[in-house]
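Structure first, commentary second.
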Amino acid sequence: METRYWKLKKDEPLDPQLESAAKLLRQGEVVAFPTETVYGLGADGLNGEACRKIFAAKGRPADNPLILHISEMDQIRPLTSGLSPMAEKLMAAFWPGPMTLIVPKSEIIPEVVTAGQETVAVRFPSDPVARALIRLNGRPLAAPSANKSGKPSPTNAQDVLQDMEGIIGGVVDGGACDIGVESTIIDTTGKEPVILRPGGITEEMIQEVMGAVELDPGLVSPDQKPKAPGMKYRHYAPKAPMFLVEGPEAGLGVIRAAVMAEAWGLKVGVLALDETVQHLPHTARLVICDAGKDMAALAENLYTELREFDRQQVDVILGEGVPTQGLGLAIMNRMRKSAGHNILVYDRGLFRKQSGQVPEFLQGMVVE
Ligand code: TXA
Ligand code: MG
């Protein structure tokens, strides 16, 4: 299949630039588009046949439901059999924005979208391109992240094309995504709001508005089954094995591990904050990705950098862990999965094993 490509011009009206992409969507084809979080793989959300094409394009397991994206607040009402006061309050506080709500589904939603759940996931994005495209489609757009299942989510159109060229109807290129990690998913069907996937709307922000918020036990302990079906899969995974260094001296630990790995003759990808990167030696076998100066920059760059390591064909990846406050919770949720839970803690000059594998280049240096 020929994949069409539309590069949007910033200073021209959006609707005419999006019309042929919207037409493909109305015809039941799959089109990738930008949102403020990551690129989505869109199809008409009330057309079951169109949504099935999303699963085929991604190689997505059929038990993993899709998010429906809307372009106006009230567009959620026909999609649900009823909103709790909690859901209404969250909508008023955080929509449009990087928040997805789990609500009881209505009859009009195709089975394939909800994958057998009694609930449906709905999100009202803030990105103007996403909103215009949904409006031009005339109905909600179902859209998972636009990556092949298991790969890091794409945060720019080139990364989408890398996974989807020849497989989908088209890609709308609206530039790089602002936030860089997927939306916060909140289950609104219980007594308290429960975060099923951390994201740009943080636990602290929800706490402030709602007074209480819980984390899905599946997020906290790797042994518990997560409530969002998609969260159980190995995700966001680069090709090379990845090790995460956490703890009060994570940056120092990354530097030390990088030097050791290089001495072993490995080509090493390092994903670390500015401050750490400044202290790394510049040698040919170190591929250094400067993730930026703070958490927002790290979130924005995370998936692009992981894909860069794939392109550079590194042998091993070392990532610098950050505290799990604010956006840090979402970042660490993704990084720990990318690393397959290979986690070391570095504190007072010592490595300690937290979980997973210990890299062979550090063997004998790690307290188990
Ligand atoms: O930021 C985002 O949310 C992006 C952009 C494109 O909007 N979309 C996205 O979709 O991340 P996806 O399909 O990659 O992730 C959706 C997650 C999956 O983990 C899925 O299992 C969960 O939402 N989910 C969908 N419907 C659900 C439901 N009814 N109950 C629980 N979890 C649900
Ligand atoms: Mg995804």
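The values are calculated or read from the model by the stated rules, or taken from the named source; none is laboratory data. Since the structure is predicted, the reported quantities are computational estimates derived from the model, not experimental observations. Counting neighbours? That spans all protein chains shown, and the Cβs are built from the backbone with ideal geometry, glycine included. Ligands, DNA and RNA are excluded from the accessible area calculation, which covers all protein heavy atoms including side chains. Shrake-Rupley method; radii C 1.70, N 1.55, O 1.52, S 1.80 Å.
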Seminar exercise, completed: Quick tally, 1.4 Å probe accessible area for Leu286, Leu219, sorted with the most first, runs Leu219, Leu286
Problem set entry | Rounded accessible area of Val367 (nearest 10 Å², 1.4 Å probe) | 70 Å²
Seminar exercise, completed: Rounded to whole Å², per residue accessible area for segment 4-230 with a 1.4 Å probe reads 39 Å²
For this session: Could you look at segment 242-367 and say what percent of its accessible area is carbon and sulfur, using a 1.4 Å probe and all protein chains?
Result: 50 percent
Seminar exercise, completed: Loop-resident trypsin sites (Lys or Arg not before Pro) in segment 204-272 with no more than 12 other Cβ atoms inside 10 Å, DSSP not H/G/I/E/B, are Arg234
Problem set entry | Percentage relative contact order, segment 242-367, counting C-alpha pairs under 8 Å, at least six apart | 35 percent
Exercise. How far is the Cα center of segment 263-283 from the Cα center of segment 148-176, in Å?
Worked result: 28 Å
Problem set entry | Which listed pairs, of Lys58/Lys293; Lys53/Lys227; Lys191/Lys225, have C-alpha distances above 22 Å, in listed order | Lys58/Lys293; Lys53/Lys227
Exercise. Among Arg352, Arg197, Arg311, which one shows the biggest mean-square fluctuation in a GNM of the chain, springs joining Cα atoms closer than 10 Å?
Worked result: Arg311
Seminar exercise, completed: P(r) of segment 254-310 over all Cα-Cα pairs, 10 Å bins starting at 0, rounded to whole percent, reads 25, 53, 21, 1
Seminar exercise, completed: Volume per residue (Å³) of the convex hull spanned by the alpha carbons of segment 211-331 is 123 Å³
Exercise. Which of the aspartates and glutamates could be linked to Lys23 by a straight reach, that is with a Cα gap under 17 Å, when you skip same-chain ones fewer than 8 residues away?
Worked result: Glu2, Asp15, Asp44, Glu49, Asp173
Exercise. Roughly to the nearest percent, how much of the accessible area of segment 1-87 is carbon and sulfur, given a 1.4 Å probe?
Worked result: 54 percent
Exercise. Comparing Gly253, Gly150, Gly200, which has the greatest mean-square fluctuation in the GNM of the chain with Cα pairs linked when under 10 Å apart?
Worked result: Gly150
Problem set entry | Those residues of segment 348-362 whose amide nitrogen sits under 20 Å from the label point placed on Gln325, 7 Å along Cα→Cβ | 348
Exercise. In the chain, what % of DSSP beta bridges are antiparallel (nearest 5)?
Worked result: 40 percent
